[in-house]
Amino acid sequence: MASYNTSEFKSGLKFIMDGDPYTIVENEFVKPGKGQAFNRVRIRNLKTGRVIDKTWKSGEKVEAADVMEVDMEYLYEDGEFWHFMEPSTFEQHAASETAVADVKHWLKPQESYIITLWNGVPLSATPPNFVDLKITQCDPGVQGNTAQGATKPATVETGAQIKVPLFVEEGEMVKIDTRTGEYLSRVKES
Amino acid sequence: MNWQPETNHKTRQQRAQMLADTRSFFQQRNVLEVETPALSQAGNTDPFIESFHLDQRYLHTSPEYPMKRLLAAGSGDIYQICKVWRKAESGRNHNPEFSLLEWYRVDFSYQQLIQEVSELLHLHLAKILTEDNQLYTYQQVFLENLDINPHIASHRDLIHCVTENISGLSCEELSRQAMLDALLTHCIEPTFKKDRLTFIYDYPASQSALAQLREEKYSKTGGDGFAFKSYSIAERFEVYLGKIELGNGYQEETSHERNKQILHTENTTRIQHKQETVTQDELFLAACKSGIPRSAGVAIGLDRVLMCITGQKTIQKVINFPWDKA
């Protein structure tokens, strides 16, 4: 089994701990003038997304994780799995509901997502920071109302609920920041 | 290929100035600049410092042993500025190859040497050191920050203290000293202020390295009432700016018997830790036998001092070609 020594620790290194895959967010080497050195490490559980602090005695080892990040196109959902495709090889991968839990409402066919694979199985999906989505449902627009900050609820084609300014109409395309779920602007269709 | 240096020209000028100021500081005090070998037949036995070992020779991790041979030969006060190498010490405050300033003062106490270290650092860091130095014993910083006495706390108390204060560190395989090291680096060093020097002195005997020991008595109330017990203190100090450790000083152990025993114990610990043993320095021990004068010595990490002078956040930014670019 491949392993990493603490001296190989750096941001982005993927390893297994207690059966779960983790990635290193931040690594700090600390050592008193004389005595035991430690690696103080901030790590993220790739399954749950939870970030925790951990300290290893320098020289200890962790088990390497076979984790890769691949760009894939979202295809469709069949009620049980969410299907993605590697555009270069056309190879398809089925992601479970847990893997897409955080991004389910931002999945738009043909859009590109970063899929984290662990032993070849999708672990999580990261949407692009910005996506253009169609408004499928909202109250009629109030023409000329550009009052600052006034918003109304709207539903977009992927099912996400967002807040949009009062002048936005059903059927329009809008740009959204997927990290915050915030409306950014209207998109003019060419 | 990115062949460019990591430093800017100003940093290179500041390094040159730091070296020039250091040399003139010692010249004014009649401390002689010396050189000793970087590649030696014997190495540092300290189990927490790993030497590069090549072709039956060790790259030195500090010039301590040969400088003490000079002291034994009657050199008087000496200093050295040299490159040293420590394997696997890499991070934002560590580069495996770094510049060390080491000096020895004959007939100085370590308390007098603390004063001299302060004077040198105030010369280099005049603009940053706006507040008076802070001096604490090792015991004080543990009592004040963690309410635990590092010299007499039980193993169980230490495990409790580590578990309570450091998340995600398993104590199972940690020695008593390793737990103290963890508490010091994780919980205490970060509290040191950025605008002054902090000196910590009088370490536990388990961290003595080649420092002199002293017996310390304390009173204990037990089942039999009042009793006196004692523990050993190592006459050693460390100096910090903020949480960056800049140097490490000692009241030097001059006894041949004890130095011999320290090197032997260090190699025994290496065997217990399943580390390679290191050829111990017989020439150093022979010098001890002939007689090292009473003296105090200190080593200062010059790249870290330069980090403080320039305000750079990583050691790599003050070294022209750090480890990954060397």
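Looking only at segment B:299-326, count how many residues are open to solvent by 40 Å² or more (accessible area, probe 1.4 Å) and of a type in the set (A, V, I, L, M, F, W, C).
Looking only at that region, the number is 4.
Surrounded by 14 or more Cβ atoms within 10 Å (Cβ to Cβ) and charged (D, E, K, R): which single residue out of B:Glu276, B:Glu257, B:Glu266, B:Glu282 fits that description?
After applying the criteria, what remains is B:Glu266.
Need pairs with beta-carbon distance below 9 Å; first residue more than 17 Å from B:Glu253 (Cβ to Cβ) and within segment B:228-240, second surrounded by fewer than 21 Cβ atoms within 10 Å (Cβ to Cβ) and polar (S, T, N, Q); sequence gap 6+ or separate chains.
B:Phe228/B:Ser219; B:Lys229/B:Ser219; B:Val239/B:Ser118; B:Val239/B:Asn133
Could you grab me the full set of residues in segment A:70-85 that are surrounded by 15 or more Cβ atoms within 10 Å (Cβ to Cβ) and of a type in the set (D, E, K, R)?
Answer for segment A:70-85, where residues must be surrounded by 15 or more Cβ atoms within 10 Å (Cβ to Cβ) and of a type in the set (D, E, K, R): A:Glu73, A:Glu77.
Scanning segment A:112-122 for residues that are touching a strand residue (DSSP E or B) at 6+ places or on another chain (Cβ under 6 Å) and open to solvent by 20 Å² or more (accessible area, probe 1.4 Å), which turns out nearest to A:Val174 (Cα to Cα)?
Once the filter is applied, the top-ranked residue is A:Ser112.
What number goes with the only condition from (1) at pLDDT below 95; (2) open to solvent by 20 Å² or more (accessible area, probe 1.4 Å) that B:Ala178 does not pass?
(2)
Is there a residue being under 26 Å from B:Arg92 (Cα atoms), polar (S, T, N, Q) and open to solvent by 60 Å² or more (accessible area, probe 1.4 Å) anywhere in segment A:25-37?
no
On the basis of being hydroxyl-bearing (Ser, Thr, Tyr), within 14 Å of chain A (Cβ to nearest Cβ) and surrounded by fewer than 20 Cβ atoms within 10 Å (Cβ to Cβ), does B:Ser170 make the cut?
Spelling it out, B:Ser170 is indeed hydroxyl-bearing (Ser, Thr, Tyr), within 14 Å of chain A (Cβ to nearest Cβ) and surrounded by fewer than 20 Cβ atoms within 10 Å (Cβ to Cβ).
Here are the criteria: (1) open to solvent by 20 Å² or more (accessible area, probe 1.4 Å); (2) touching a residue at least 24 places away in the same chain (Cβ under 8 Å); (3) within 10 Å of another protein chain (Cβ to nearest Cβ). Tell me which single one B:Glu189 does not satisfy.
The number of the failed condition is (1).
Could you say whether any residue in segment A:15-24 is facing chain B (nearest Cβ under 8 Å) and either open to solvent by 40 Å² or more (accessible area, probe 1.4 Å) or among the charged types (D, E, K, R) (or both)?
Checked against the condition, which is being facing chain B (nearest Cβ under 8 Å) and either open to solvent by 40 Å² or more (accessible area, probe 1.4 Å) or among the charged types (D, E, K, R) (or both), segment A:15-24 yields no hits at all.
Which one of the conditions (1) more than 14 Å from every other protein chain (Cβ to nearest Cβ); (2) open to solvent by 80 Å² or more (accessible area, probe 1.4 Å); (3) not in a loop (DSSP other than H, G, I, E, B) does A:Thr48 fail to meet, given that it meets all the rest?
It fails just one condition, (3).
Residue by residue through segment B:92-118, note down the ones that are touching an Asp or Glu at 6+ places or on another chain (Cβ under 6 Å), under 23 Å from B:Glu50 (Cβ atoms) and within 14 Å of chain A (Cβ to nearest Cβ).
Hits for segment B:92-118 are B:Pro96, B:Phe98.
Among all residue pairs at least 6 apart or on different chains, which show Cβ distances below 9 Å where the first residue, located in segment A:116-132, is acidic (Asp, Glu) and the second is part of a strand (DSSP E or B)?
So the pair list comes out as A:Asp132/A:Met173; A:Asp132/A:Val174; A:Asp132/A:Lys175; A:Asp132/A:Ile176; A:Asp132/A:Val187.
When you scan segment B:151-176, how many residues do you find that are under 20 Å from B:Lys243 (Cα atoms) and in contact (Cβ under 8 Å) with a residue 12 or more places away in the chain?
Total meeting the criteria: 3.
I'm trying to understand the selection: among the residues of segment B:117-147, which are open to solvent by less than 60 Å² (accessible area, probe 1.4 Å) and part of a strand (DSSP E or B)?
Passing the criteria: B:Gln134, B:Tyr136, B:Thr137.
Looking at A:Ser88, A:Ser96, A:Ser58, A:Ser112, can you tell me which residue is in contact with a Pro (Cβ under 7 Å, 6 or more places away or on another chain) and of a type in the set (S, T, N, Q)?
Only one candidate qualifies: A:Ser112.
Those residues that are assigned to a strand (DSSP E or B), surrounded by 14 or more Cβ atoms within 10 Å (Cβ to Cβ) and among the polar types (S, T, N, Q), I need them from segment A:152-190; list them, please.
Across segment A:152-190, the qualifying residue is only A:Thr155.
Going by the conditions given, is B:Leu113 out of contact with any helix residue (DSSP H, G or I) (no Cβ under 6 Å at 6 or more places or on another chain), farther than 26 Å from B:Gly311 by Cβ and touching a residue at least 24 places away in the same chain (Cβ under 8 Å)?
Considered against the rule, which asks whether it is out of contact with any helix residue (DSSP H, G or I) (no Cβ under 6 Å at 6 or more places or on another chain), farther than 26 Å from B:Gly311 by Cβ and touching a residue at least 24 places away in the same chain (Cβ under 8 Å), B:Leu113 comes out as yes.
Got at least one residue in segment B:122-138 being within 19 Å of the chain's Cα centre (by Cα) and within 12 Å of B:Val298 (Cβ to Cβ)?
The answer is no, given that none of the residues of segment B:122-138 is within 19 Å of the chain's Cα centre (by Cα) and within 12 Å of B:Val298 (Cβ to Cβ).
Tell me yes or no: at least one residue of segment B:148-157 is open to solvent by less than 30 Å² (accessible area, probe 1.4 Å), more than 14 Å from every other protein chain (Cβ to nearest Cβ) and out of contact with any strand residue (DSSP E or B) (no Cβ under 9 Å at 6 or more places or on another chain).
Yes - at least one qualifying residue is present in segment B:148-157.
Count, please, the residues in segment B:73-116 that happen to be surrounded by fewer than 18 Cβ atoms within 10 Å (Cβ to Cβ) and either assigned to a helix (DSSP H, G or I) or of a type in the set (S, T, N, Q) (or both).
The total comes to 5.
Applying the selection to segment B:240-260, what residues are in a strand (DSSP E or B) and within 15 Å of B:Ala211 (Cβ to Cβ)?
B:Gly247, B:Asn248, B:Gly249, B:Tyr250, B:Gln251, B:Glu252, listed by residue number.
Of all residues in segment B:192-209 being within 9 Å of chain A (Cβ to nearest Cβ) and modelled with pLDDT under 95, which is farthest from B:Ile159 (Cα to Cα)?
In this case the residue turns out to be B:Ala209.
The values are calculated or read from the model by the stated rules, or taken from the named source; none is laboratory data. Source: prediction; values computed, not measured. Because the Cβ atoms are built from the backbone with ideal geometry, glycine has one as well, and the counts that use them run over all protein chains shown. Heads up: the accessible areas ignore ligands, DNA and RNA and are worked out on the full protein's heavy atoms, side chains in. Shrake-Rupley method; radii C 1.70, N 1.55, O 1.52, S 1.80 Å.
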